[in-house]
Structures are given as C-alpha cells and as structure tokens.
Amino acid sequence: MPLLVQKFGGTSVADSDKILAAARRAIQAHARGEQVLVVVSARGHTTDELIALAKEITETPPAREMDMLLATGEQVSVALMAMAIESLGVPAISFTGAQIGLVTDSFHTKARIRNISTERMVQALNEGKVVIVAGFQGVDEHYNITTLGRGGSDTTAVALAAVLGADGCEIYTDVDGVYTTDPRTVPEARKIDRISYDEMLELASLGAGVMHSRSIEFAKKYGVPIHVRSSFSDAPGTWIVAESEARRLGVAVTGAALAKDEARITILGAPDRPGVVHAIFRTIAAANIVVDMIVQNVSTGGTAEVSFTVAKGDLPETLRAAELAARAIGAADVTFDAEVAKLSIVGLGMRTHTGVATTLFEALAAAGVNIQMITTSEIKISVLVDRASAVPALRAVHRAFLLDQLAGSSAPFSPARCGAGPGPMKLVPLVEMDSSANGSRPQGMEDLVIAGVELDESQARVSLFHVPDRPGYAARVFRSIADAGVFVDMIVQNVGIAGDSVLSFTVPRDAADRAAAAVRAAGLGEVSVEPALAKLSVIGVGMRTHTGVATRMFAALAERDINVNLINTSEVRINVGTDITRGRDGLGCLERAFAL
Ligand code: ADP
Ligand code: ASP
Ligand code: MG
C-alpha cells in the first residue's frame with residue numbers, strides 16, 4: 001500500500017478550522033487507499049511565544065529546559081490533530097518524538113537525528129490508523145527531550161519519509177511552493193515548478209526559510225521526492241527532486257536568497273603557511289559555531305586575510321574564539337562587521353552558462369551596492385553587502401536574472417522515489433568528531449556523508465590587487481572577462497583593508513593570459529597570473545552544517561605541510577586551491593582523511 005507523509009507547518013494548524021482542514025486532507029489520502037503519516041508543527045507563533053516567555057524569566061535559559069519547553073508546542077498540535085481526524089470518523093493516533101523512538105544526539109536546541117524506530121508507527125499504520133507525529137523533537141539516549149533547531153519539523157517529516165520508505169513527502173505551508181525568492185520580500189517572485197536537491201539545499205542554507213536545509217540533506221541522501229504546496233489551495237506546488245528530473249535547459253539561475261542577519265569576522269595578517277587555516281577553524285568548530293562564507297585569497301607580503309561569516313547571534317562567541325586563534329597563529333588583528341547580509345544566487349545552469357557573475361555584479365553596480373566579499377561554488381555565487389542595501393540589492397538581482405518572468409509549466413508531474421536506500425551517489429558515512437566530548441558521535445542517520453574527493457589541475461588563477469572598496473569594480477572586471485569569452489570557475493574576494501582588497505578567480509589554464517590581458521586592457525589595475533593551481537574538493541551533502549568537515553580537510557592538508565591559498569565553500573562541496581606541485585599529494589591525504 002502506498003505511504004504518504006504530510007507535514008503541516010505552524011500557520012497550517014494555527015486554529016481549529018485550519019486543523020480540521022488539514023485533517024480533511026489526511027483523510028482524503030486515506031480514502032484513496034494510502035497509508036498516511038502526518039507530521040505537525042506548533043500552532044501559529046507558539047514557538048516564538050514560548051521563547052519570549054523563557055526570556056522573560058531569564059536571558060540565558062538552560063538549553064535542556066528550553067527544549068523541554070519548546071517541545072510542548074508540537075505536543076499540543078498532535079493531540080488536536082488526532083482529535084480532529086477521529087471526529088471526522090477515521091481512526092488516528094498521535095505520538096511525541098520520544099514515543100516513536102526518534103533518538104538524537106544531546107546538542108540541545110540543535111540536535112541531530114541518530115536513529116528512528118519504525119515499529120510502533122508501522123503497526124499503527126497497518127491497523128489502518130492515520131499516524132500523527134510531533135515534528136521538531138526527539139530524545140537523547142538519556143531520555144532528555146531535544147529539539148532539532150528552528151524549522152526542524154520539515155526535517156522530522158523527510159526523515160520519517162526516508163526511514164519508512166514513503167512514496168512521497170508533502171510539505172503544506174502558507175505559500176504555494178518554493179519561489180524564485182521570498183515572495184514576502186520581493187512580491188514579483190515566481191513559483192518554481194521543479195528544483196533539484198542541490199539547488200534547494202543551497203537556497204535553504206543561504207536564507208530561503210521555506211524549507212529547513214537539513215530536511216533536504218535527508219531527501220537527497222535517501223531519494224525522497226518532496227512536494228511543497230499550499231495548505232489553503234489545491235494548486236500544484238514545487239517538486240524538489242533529483243537533478244535528472246529538475247534540470248531546466250536555458251536557465252542559468254533558479255533562485256536568489258538573502259541571509260539578513262550575518263556578521264563578518266576577519267583575521268588580519270594571518271601568516272601564509274601550512275596549518276594556519278586549520279588552526280583558525282579548529283578553534284571556531286570547538287565552540288560548535290556554524291561558519292558560513294569562508295574567504296581566503298592570495299597572500300601579499302607573506303600574510304593573508306581570512307574572513308568568514310556567522311549568524312549575527314553567534315558573533316560574541318565567535319569573536320572570542322577568533323581572538324584566541326589569532327593569538328595562537330601570530331596574526332595581526334581581528335576585525336568584524338555586524339551589519340552585513342549575504343545575497344546569493346543559485347542555479348544548476350551556472351555550471352554551463354558564462355556571464356552569470358557579470359550579470360550579478362552589473363546589477364549590483366547599477367543599484368549602487370558595494371560588494372564586500374565574494375565567494376562562489378559550482379552552482380551558487382554569494383556576495384556580502386551592507387545590511388541596509390540588502391533588500392534593494394535582492395530586488396535588482398532578481399530582476400536582472402528575469403526571475404520575475406519565469407514561465408510556469410503546468411504539466412502534471414509525479415516522480416517516483418529514487419530507490420529505497422541512499423540516492424544515486426556513493427555515500428560514505430563519516431562519523432563526525434564530537435567537539436564537546438573526547439569520543440566521536442556514534443554513526444547516525446544525520447551524520448555527514450562524503451561522496452568523494454577530487455583534484456582538478458586544469459585551472460589557472462588570476463589575481464587583481466588594490467581593488468577599490470566601491471560599487472562597480474567587479475562588474476567591470478567580469479564584463480571584460482566575459483567579453484573575452486573566458487569561463488570563470490571560482491571567484492574569491494575578501495574584505496578590503498583600508499579600502500584596498502584582492503580579487504582572485506580561476507579560469508582554464510589556456511585562457512589565463514587572455515583573461516589577464518582583458519583586465520589589463522580595461523585599465524583595471526595590477527594583475528598577476530599563477531599559470532596553474534591544484535583545486536582540491538571534498539564533495540558530500542550538508543558540508544556547511546557539519547562544522548567538522550572543513551576542519552578535517554584543513555587538518556589533513558596541514559599535516560602534509562600543504563599550504564591552502566584559496567577557499568570556497570558550499571553545501572555540497574569545499575574547494576581549496578593549493579600549489580600545483582602538491583595536488584596529487586593533497587588528493588591522497590584527503591582520501592585517507594575521509595576513509596575513501
Ligand atoms: P511553515 O510554518 O509552514 O513551516 P515557514 O514560515 O517556515 O512555514 O516557511 C514559509 C515561508 O517561507 C513563506 O511564508 C515565505 O515567506 C518564506 N520563504 C522564504 N524564502 C522563500 C522562497 N524562496 N519561496 C517560498 N517561500 C519562501
Ligand atoms: N515549531 C518549530 C519552529 O517554529 C518547528 C517548525 O515549525 O518546523 O521552529
Ligand atoms: Mg518551516
């Protein structure tokens with residue numbers, strides 16, 4: 001019998017009418033002969049209210065007690081939903097996370113799922129009941145209640161769909177799908193019909209709040225097709241599916257996202273020698289802080305600047321760790337900016353379309369927005385901008401990529417689950433080092449998976465020095481490169497010091513001189529070319545949210561005395577640039593470090 005998981009978000013169960021409407025949807029599926037498992041969030045703004053209540057008592061509530069409190073929101077919802085379904089004549093039973101044996105680690109308020117026991121749910125489903133499970137919560141091995149982090153009910157739903165081998169997972173919410181950007185910020189945003197796991201993973205982790213990014217990690221690992229749709233209409237929503245089903249020809253950029261509350265930290269004058277980046281990020285990871293954009297580019301005069309961003313709320317703790325690290329490596333200073341936002345564009349088509357960066361930078365230049373930092377991956381470009389200009393910048397970029405004009409196809413679509421186990425990639429589970437204890441976390445469902453490591457020796461690096469700290473420079477550089485017909489891969493720009501920064505990018509080796517000549521001809525400053533570099537990549541799922549992976553990569557390279565001189569990170573890979581002569585050696589040591 002087919003099994004469907006339906007998840008209802010907070011607004012979808014905000015009052016009794018909405019709960020009854022959600023109950024009718026579950027009953028419809030049940031009447032079609034499907035087994036139905038419903039995951040619900042806390043009603044309306046319950047979670048926010050509970051957080052505010054705790055803060056009225058104390059500014060620093062213990063994380064364990066926070067979880068005890070927050071989990072009550074979902075417990076109310078499951079009971080009401082079961083009552084609603086029963087009242088409409090269909091047998092139903094509700095469970096908390098603990099009652100279905102959803103076991104997590106002990107990182108309160110951001111716990112990760114280790115294991116889920118399916119027996120009790122399967123038994124109830126086989127008895128013909130609609131099973132209702134509280135999202136967002138679990139228990140650790142000592143039966144302490146834990147929660148998965150804000151928005152975590154999506155992750156509960158997709159994880160349950162994965163372990164139960166469900167045929168699909170419907171996410172009911174207050175928008176009718178995934179849009180090209182948040183429609184609340186940009187009303188001209190359009191609904192996307194199909195999007196690949198990787199694109200959604202990037203968008204979600206770059207600020208698109210519609211899905212919890214960890215839910216997409218599960219979906220990709222286990223091949224669960226997700227249908228994001230409106231609770232309040234029957235319109236088809238957005239399918240989040242494998243790349244083969246989502247690829248749209250001729251489209252370079254699928255969506256844009258804004259992470260408004262970021263903070264930037266820069267370690268100035270870090271010595272340019274092996275082990276330095278490792279020393280920095282080991283210290284940050286030990287404080288269990290998720291680092292976002294990591295940017296390091298070529299050194300000048302034997303030292304380099306290493307910048308990264310974190311959620312604004314993590315700034316005080318991060319600064320403490322960064323200062324410790326700076327002292328340990330003998331860096332000159334630590335600076336920060338708490339008023340920044342990260343704007344990103346995402347699309348599978350970027351792998352093959354040229355000129356995407358040019359369009360982005362030109363749109364920002366035309367809007368008078370200064371770019372403070374740039375980092376790219378194969379399918380995304382992120383720029384750091386001043387928070388005050390973030391929303392106008394997003395609007396300008398959205399328009400520049402014609403995202404307000406996407407033609408929506410209304411073709412019906414219903415993908416099959418892509419196999420029972422992990423999806424098409426070869427996944428090697430990696431037990432992440434537990435930074436708070438001396439052991440390692442036991443292998444769990446949500447552990448990081450590494451798909452492989454790669455070496456690319458085909459590229460050269462072009463660096464521009466004395467980049468002025470004002471709008472329009474990057475636009476001119478990449479216009480000249482695009483006009484020269486050169487495909488750019490990685491782009492890295494660090495924040496300027498005293499209005500002066502370095503911009504580096506990689507291009508195919510045979511195009512390096514052409515690219516440099518184009519920049520020189522445009523009178524854009526001092527250019528240097530490194531005719532060959534080795535790009536080493538670790539590829540996997542959820543690379544950013546697992547703080548340990550970058551640390552392990554940097555540690556392995558440091559141990560082999562391999563200097564890292566360019567870093568680019570994303571949800572699905574971490575790329576570093578090293579000296580061309582050390583590429584093979586680096587590949588071998590990464591293979592060993594990740595047990596491949
Ligand atoms: P739920 O409570 O159902 O989980 P959320 O508030 O978590 O709902 O997510 C839905 C909201 O996500 C929408 O109301 C919308 O404002 C926001 N959002 C952000 N980015 C996007 C996007 N790209 N597409 C659709 N919605 C988005
Ligand atoms: N209720 C939780 C929150 O508001 C979980 C969720 O809604 O997904 O974050
Ligand atoms: Mg949500």
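What to note about this one:
- For region 52-102: rounded, prolate or oblate by the Cα gyration tensor [a/c cutoff 1.5]: oblate
- Only helices enter this figure: runs of n ≥ 4 DSSP H residues, each worth -39500 (n - 2.57), summed and divided by the residues of the chain, yield -9500 deg cm²/dmol at 222 nm to the nearest 500.
- Packing rank of 525-533, 109-117, where each peptide gets the mean count of other beta carbons within 10 Å, highest leading: 109-117, 525-533
- Nearest-0.05 FRET efficiency for Arg184 and Leu249, computed from C-beta distance (R0 22 Å): 0.15
- Put the Cα centre of region 270-291 next to the Cα centre of region 209-243 and the gap is 34 Å.
- Fully extended contour minus Cα-Cα distance, from Leu596 to Asp510, at 0.36 nm per residue: 27.8 nm
- Helical segments meeting 30 Å axial Cα length and Kyte-Doolittle 1.6 threshold in the chain (DSSP H): none
- Calculated FRET value between Glu65 and Asn115, using beta carbons and R₀ = 22 Å, to 0.05: 0.35
- Zone of Thr58's modelled label, taken as backbone nitrogen in region 70-102 under 14 Å from a point 7 Å along Cα→Cβ: none
- Partners of Lys18 within straight-line reach, counting aspartates and glutamates whose Cα lies under 17 Å from its Cα and excluding those fewer than 8 residues away in the same chain: Glu74, Glu86, Glu170, Asp174, Asp176, Asp234.
- Region 20-66 and region 340-358: distance between their alpha carbon centers, rounded to Å: 35 Å
- For region 249-331: rounded, prolate or oblate by the Cα gyration tensor [a/c cutoff 1.5]: oblate
- Cβ-Cβ distance of Ala31 and Asp456, R₀ of 41 Å, FRET efficiency by 1/(1 + (r/R0)^6): the value works out to about 0.15.
- Listed from fewest to most Cβ neighbours within 10 Å, the set Val133, Val486 follows the order Val486, Val133.
- Shape category assigned to region 331-399 from the gyration tensor of Cα positions, a/c cut at 1.5: oblate
- Ranked by the mean number of other Cβ atoms within 10 Å of their residues, highest first, the peptides 377-389, 506-518 come out as 377-389, 506-518.
- For the listed peptides 162-170, 183-191, a ranking on the average number of other beta carbons within 10 Å per residue, highest first, reads 162-170, 183-191.
- The chain, relative contact order in percent, only Cα pairs under 8 angstrom and at least six apart counted: 13 percent
- When the alpha carbon coordinates of the chain are projected onto the principal axes, the ranges are 76, 53, 46 Å, largest first.
- Spacing of the two label points (7 Å from each Cα toward its C-beta) at Asp579 and Met1, in nm: 6.6 nm
Bear in mind these aren't lab numbers, they're just calculated from the coordinates by the rules spelled out. All of these numbers come straight from a predicted model, not from anything done at the bench. FYI the Cβ positions are ideal-geometry reconstructions off the backbone, even for glycines, and counts take in every protein chain you see.
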